[in-house]
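One structure below.
Read-outs: derived from the displayed coordinates by stated rules, not from any lab. Note that the coordinates shown come from a computational prediction; the quantities given were computed from them, not determined experimentally. We place every Cβ from the backbone using ideal geometry, glycine too, and count neighbours over all the protein chains shown.
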Amino acid sequence: MVRPSWVRPSRRLSRRLFTAAVALGAGLAAGPSLAAPEADIDLDLAANPIIITADRPSMERYAAPQTVVGVTGVAVMETQNVLDSEDALKYLPSLFLRKRNNGDTQAVLATRTWGVNSSARTLVYADDVLISALIANNNTIGAPRWGLVAPEEIERVDVLYGPYSAAYAGNSMGGVVQITTRTPERLEADARQSEAVQSFGLYGTHKDLVTSQTSAHVGDRMGRFTWSLSANYQDSDSQPLSFVTNGKVPTGTSGTFLAQNKTGAVADVVGASGLLHTQMTNAKLKLGYDLTPVWRLNYTLGYWQNDATSDVQTYLRDSTGAATFAGLSGFASGKYSLWQSHLAQSVTLRSDSKGPWDAEVTASHYEMLDDIQRTPTGVTASGTGFSTAGRIARMDGTNWTNVDAKALWRTTPSNTVSVGLHADQYELVNPTYSTATWQGGSDQGQGLYSSGRGKTQTLALWAQDEWTFLPDWTATLGGRLERWQAFDGYNYSGGKGVEQPDTETGAFSPKATLTWTPAADWHVTASFGEAYRFPTVSELYQLVQTGTTYTAPNANLRPERVLSGELAVERTFTDGRVRLSLFQENTHDALIAQTTFLTGATPVSYTVNVDEVRNRGVELAANQRDVLVKGLELSGSVTYVDSTILSDPNFASSAGTTATGKHVPYVPDWRVTLAATYRPDEQWAFTIAGRYSGKQYSTLDNTDSVAKVFGAFDSFLVADVHINYKMLDNLTLDLGVDNLNDEKYFLYHPFPGRTFFGGLKVSL
């Protein structure tokens, strides 16, 4: 096909977008100051700890009308066992963080309408810079880059629910996470040492697994110039992230645990796999300069490094009692080494006149400098050896760039108009080579085993108007116009290469929200939004092998179209709030990965368009301070979702099952969070919290009905406790336990058992 004139893709386009944004920002900075008398704009943000709800988060100036829930960084560190920045989201309403282990590079966020395999259905920002990896929509490379934010630098985290703001792409259907970090106003420095010990016992694996983390943060303001530097090193050992299964007891062996898989077929457990040892380092430098009293320029440089090895443990013993793999190749896929080094950069130029005009430009670029995984292809016929032959999978060169330009016009105290431009490009580079020596050596000159590469690009224009037309009524109307293209797609597998066809499409998404404030302590909000989520480059082009399961690309995917609505009623009190939300989301051409047997006996997971799915439900969230006694705070949420596949006529099943009328995969019916914190004085804070998730399915026809087995998606109830003690003004001790009740559950992977936590922080 002929590529339209508005796009000229090239390998240098990402850098050109980044450079152009910097130049545009410099031009804006050179323009006249927009300072003016302060307008009467309400940017009030409640500061209740644990869980808060605010009408307008201060960092979101562009008429974000939807329900907002957040938590302060101080409250997170005071009430939770925190090792990674994503832990801050643990108890927010309707959310679930799929964090399999400390330092998990695949920690994705599930929302009230989408599950744990939907990384591209939520947008995560740090200081308005996108850290979501929209290179994929999965639980592997699609996880947000949480390591670009240190827990100690978090000022607050806010979650905006639903695709109701034109300022965000259709990936906001699940929600938008806004992480705000501190800007130092004086010299500040802190260091923290944290330790966690997990006691894990399942099948033949019984281990005490340790995580040790050292982190430090320092920053200062010197006149117009601010700087901060944060660094973190984590050394961790995980529980088995998978198990090796077999259809029968291997001849001449003992030690097999008889079991089933999630659909009831024989899947005897013969060993543990994915015993991951990770040494992870990340560092971030933030520089800021006040060009004028109105304009501020920020630059951020983030570097992340991961050195990991995965091991296996066999439960099998031969007739002499010696450990053996019994020739089962499933052990080989769990043995690998992984080396990763990634670099992220961003530049932001923003005005804060508090007058009629404001504007900003943000450009960010993320690049995988090194990303190499080495895996053997087999095991020896006896004993516990691995073949010397293997494969080397690379992601080096995979990168993405985002550029956003926004402007804000406060025409009157009762009317605000905002507009914006967006451009992005995502490039996937993922060859896998066969090698005679998988443990070392170069992949140069080795045979190409498989390859997936390609690019996507989006250009968007949006506008939104927030208008208070009566004292108690505010309407927010907007729309987003987008043009998307996928190109340069190529796949190689089985000795055959395929040049994938280019594709492009456009979409317009209207948004509307109406808010009624009948009294100062009552808010009623009705929201509607249409959104389009375009396929990620990995859904289109990436071929991935995980054990014996292959994930196949699908270059013919259509974008999914979402119609979403919410009615929220909120009541505020002197020391608390309560909110009831009714929501419904209908998704046409939903992009859902389904595992099936395409050819032969190898299960293949591939993404398909499902005609229509519906997720509708109700969410009740509340928090209250000084309950019965001074210092006792209670917070929590209850969410129920009726998730249904309304139409999927193309679903095929050799067993005669159907998908229509079944539950949408990965969406549980119930989610509950509860937390209680007691502060008897300024030194102590005692917290007990719980999380519950109901049953969910991972197949379109809901045939995975067997629970508590590897590969299942279980319901679970987990309780956590935390004690925060301010020993001195500059010395804080944290103690706690995650999964106090030692719940055994699977979300495909086995999740951590009871984990003891301790941390000591010293600060200036």
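Computed values, structure above
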read-out: Under the Karplus curve 6.51 cos²θ - 1.76 cosθ + 1.60, θ = phi - 60°, whole-Hz ³J(HN,Hα) for segment 711-718, x wherever Gly or Pro sits; value: x, 7, 10, 8, 6, 7, 10, 10
read-out: Degrees, to the nearest 10: 13-30 long Cα axis against longest axis of the chain; value: 20
read-out: Over segment 188-247, relative contact order from alpha-carbon pairs under 8 Å, at least 6 apart, %; value: 30
read-out: Mean residue ellipticity (222 nm) of the chain, computed from DSSP H runs ≥ 4 via -39,500 (n - 2.57), nearest 500; value: -1000 deg cm²/dmol
read-out: Distant-in-sequence amide H partners of Thr181 (H built 1.01 Å from N, under 5 Å); value: Asp127, Glu155
read-out: Per-q log10 I(q)/I(0), segment 342-497, q = 0.14, 0.19 Å⁻¹ (Debye; single scatterer per alpha-carbon; no solvent); value: -0.84, -1.16
read-out: Cut-off 14 Å between beta-carbons: net charge of the residues surrounding Leu285, Lys and Arg +1, Asp and Glu -1; value: -1
read-out: R0 of 51 Å, Cβ-Cβ distance Asp575-Ser715: FRET efficiency to nearest 0.05; value: 0.95
read-out: Restraint check, Lys726/Lys761; Lys207/Lys744; Lys354/Lys406; Lys248/Lys708; Lys286/Lys354; Lys708/Lys744, Cα-Cα greater than 18 Å; value: Lys248/Lys708; Lys286/Lys354
read-out: Segment 266-356 - Rg (one decimal) and Dmax (whole number), Cα, Å; value: 25.3, 83
read-out: Point-to-point label distance, Ser254-Met222, nm (Cα→Cβ direction, 7 Å offset); value: 7.1
read-out: ³J(HN,Hα) computed for each position of segment 101-114 - Karplus, 6.51 cos²θ - 1.76 cosθ + 1.60, integer Hz, glycine/proline x; value: 7, 4, x, 4, 7, 10, 7, 9, 10, 9, 10, 5, 10, 9
read-out: Dipole in debye (nearest 20) - segment 478-524, about Cα centre, beta carbon charges: Lys, Arg +1; Asp, Glu -1; value: 120
read-out: Distance in nm between pseudo-label sites at Lys726 and Thr309 (7 Å out along the Cβ direction from Cα); value: 4.5
read-out: Segment 271-283 - phi-based ³J(HN,Hα) in whole Hz, Karplus 6.51/-1.76/1.60, Gly and Pro as x; value: x, 9, 9, x, 6, 9, 10, 10, 10, 10, 10, 9, 9
read-out: Theoretical gain in end-to-end length, Ala191 to Asn741 [0.36 nm per residue, Cα-Cα removed]; value: 194.9 nm
read-out: Pairwise centroid distance, computed over Cα atoms, of segment 698-764 with segment 466-497, Å; value: 35
read-out: Check: segment 218-301 dipole with +1 on Lys, Arg Cβ and -1 on Asp, Glu Cβ, in debye; value: 360
read-out: Nitroxide proxy distance, nm - points 7 Å out along Cα→Cβ at Asn586 and Tyr233; value: 5.7
